Structures are given as C-alpha cells and as structure tokens.
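Below is one structure; the comments refer to it alone.
The values are calculated or read from the model by the stated rules, or taken from the named source; none is laboratory data. Predicted model, so just to flag it, every value in this text is computed and none were measured. FYI the Cβ positions are ideal-geometry reconstructions off the backbone, even for glycines, and counts take in every protein chain you see.
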Amino acid sequence: MQQQTNYSNELSGKIALVTGGTKGAGKAIAERLKAAGATVVITARNKPDQADPDLYFVPADLSKRGAADSVAKATLERYGRLDILINNLGGSETPAGGFAALNDEHWESTISTNLLAPVRLDRAFLPQMLENGNGVIIHIASIQGRLPLYDATLPYAAAKAGLINYSKGLAKEVTSKGLRVLTVSPGWIKTENVKYFLERIARSSNSSIEEAQQSVIAALGGIPYGRPAEPEEVAELVGFLASPRAKYLSGSEFVIDGGTIPTI
Ligand SMILES: NC(=O)c1ccc[n+]([C@@H]2O[C@H](COP(=O)([O-])OP(=O)(O)OC[C@H]3O[C@@H](n4cnc5c(N)ncnc54)[C@H](OP(=O)(O)O)[C@@H]3O)[C@@H](O)[C@H]2O)c1
C-alpha cells in the first residue's frame, strides 16, 4: 500500500527501535517511523531479505535471556539513547488440539517470546529513557488478549493478555516521569506469512485464496470490515501514537481489528 502522507519529519532527531522489524507489521512500522524522520534500529534473528541501509539491523533471539541487554548495549553504544521503543515481536507456533496438545515447553517458549521479551527489553532501556525524561514505549499485543482462541493459540492469547495488563501497570509507574506507554492490539493482519498460510489452506482444501481467507474470517466470528488489516494500516496507528500529536495518550490500549471483537 502506498503511503502518500507528508509526516512533516515529526520524528526527526528521534531514535526508535522496532523488534521483529524485518517482516510483517514490524517492517511496516519501521518504514513508517523512518518516513516520519526517525533513525530506526530493527531486530530479528535473521537478516532482512533486502537490507535497507537506513535501518540499522541488530541480530538477536529475544526469546532468550540476556538478548535484550545485548540489543540495548548495541543501540545505546551507537546512538547514545532511545526515544521510541516498539515491542512488536510476537507470534505463536503451538500445535492445534486444545489444552491436551500443549506441554510446558509450548507454554514457556510462547510466554518468553510474547511477554518476557518485551518485559526484558523495557527493563534494559527504561533507566536511560527515565534519565532522559521522555519517550514512548508501545507494546503490540493482539485481540486474542481479550478474545482467546482455544484450539491452537491459547498460550499466545494468555501471554498477550499478560502483556496488555503489564503495559497498563508500567504506564501507571512511569507516565509521571515523562514516558508514555501504550498497547496496540491488532486483529488479523495480512502479512507475507499470512499469505503463505492462506496458500497452504487453499491448496489443502482445493479452494481459492479468497475462499481460504473467508474461512479464516469465519473462524474469527467475522470481520465486519470484510478483510484483514494491511501491515501499513497498523503501522499508521503506531506512527501516530509515537508522535507528539499523541502526547496526552498513555496507559491506553488501541484495538485495530476492522470491528472483529464483538463486545464493548
Ligand atoms: N499477523 C497477525 O494476524 C497478527 C494479529 C494480531 C497481532 N499480531 C501481532 O503483531 C506483531 C507482529 O506480527 P507479524 O504477524 O507481523 O509478525 P511476522 O510477520 O511473523 O514477523 C515476525 C518478526 O519477528 C521476528 N522474530 C520472530 N521470533 C523472534 C525472536 N525469537 N527473536 C527476535 N525476533 C524474532 C521475525 O524475524 P526472524 O524470524 O528472523 O527472527 C520477524 O521479523 C506480533 O506481536 C503479533 O503477535 C499479529
């Protein structure tokens, strides 16, 4: 999707970090922050397919203890500070089959990636951000934090619910010290990985990609908007929340799901 908006360099001079910034929503967020003038650091386990010299890549497996400290060290040694921290990394790799299909390892690895990784990264950057007295931390959660799907992704849903709760608590602690802490909870996002997932469903059920997409939408109970979000639509919300235009916003959760969640 083409971004035509002029962001007036509103993030010029800001240093931002986006975890999982090589693919999907994280890539779109990194590009959106860059378009607004920020200097952007991205992390992932593997190098991006196409290196962008304007995005400084720090390799790290953030599900592992100690990795957050290395990312903070690399960022602070290079740029001296961080202003915007986007904890975007997350996902689920657990098998289908409900509670009985899940062992301790499934639970622990999902909680490490989706809850402990952001907690550790925040803890690594917070002393410097508090010393600066301003900054923004955004946690990318999921509508599953309020709308758990039990068949294959319950550890993910529980970890995201924990992330939403933690984000609120952190906002309570640090907003009076100049930091804003926010949560963005997307519904279904049509990332590259989702496109491959739809192709797999279509092949295995001998249906079209459109039919495969409709079957996933039906499993979510419908998306009133009629389609998943584009990564750039999520990035646009994050770009706004990271900007000075959102200066009074802290401690809130923003759901971006095309109307999927059926309750208030
Ligand atoms: N896609 C959706 O429908 C959807 C819906 C609701 C919420 N969300 C949330 O939105 C966020 C982005 O999701 P996405 O679907 O855009 O992600 P994605 O396309 O699967 O990309 C994940 C990114 O995280 C990196 N990553 C994965 N495991 C990592 C690890 N252990 N350490 C460091 N980096 C790691 C990946 O690179 P490497 O593999 O190279 O490490 C990649 O850059 C996540 O928090 C997700 O839970 C997504």
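Quick look at the values:
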| read-out | value |
| --- | --- |
| Criterion violated by LEU220 - all others in (1) farther than 22 Å from ALA35 by Cα; (2) more than 16 Å from the ligand (Cβ to nearest atom) satisfied | (2) |
| Given (1) more than 16 Å from the ligand (Cβ to nearest atom); (2) of a type outside the set (Lys, Arg); (3) in contact with a helix residue (DSSP H, G or I) (Cβ under 8 Å, 6 or more places away or on another chain), number of the condition SER142 does not satisfy | (1) |
| Matching residues, region 196-217, being farther than 23 Å from GLY258 by Cα, of a type in the set (A, V, I, L, M, F, W, C) and modelled with pLDDT of 90 or more | none |
| Unique residue being of a type outside the set (A, V, I, L, M, F, W, C), at pLDDT below 95, assigned by TED's automatic domain parsing to the domain that holds LEU237 and under 20 Å from the mean Cα position of the chain (by Cα) when the list is GLU31, GLU93 | GLU93 |
| Selection status of GLU173, assigned by TED's automatic domain parsing to the domain that holds ALA35, part of a helix (DSSP H, G or I) and among the acidic types (Asp, Glu) | yes |
| Hey, GLU10 among the acidic types (Asp, Glu), modelled with pLDDT of 95 or more, in contact with a strand residue (DSSP E or B) (Cβ under 9 Å, 6 or more places away or on another chain) and more than 8 Å from the ligand (Cβ to nearest atom) or not | no |
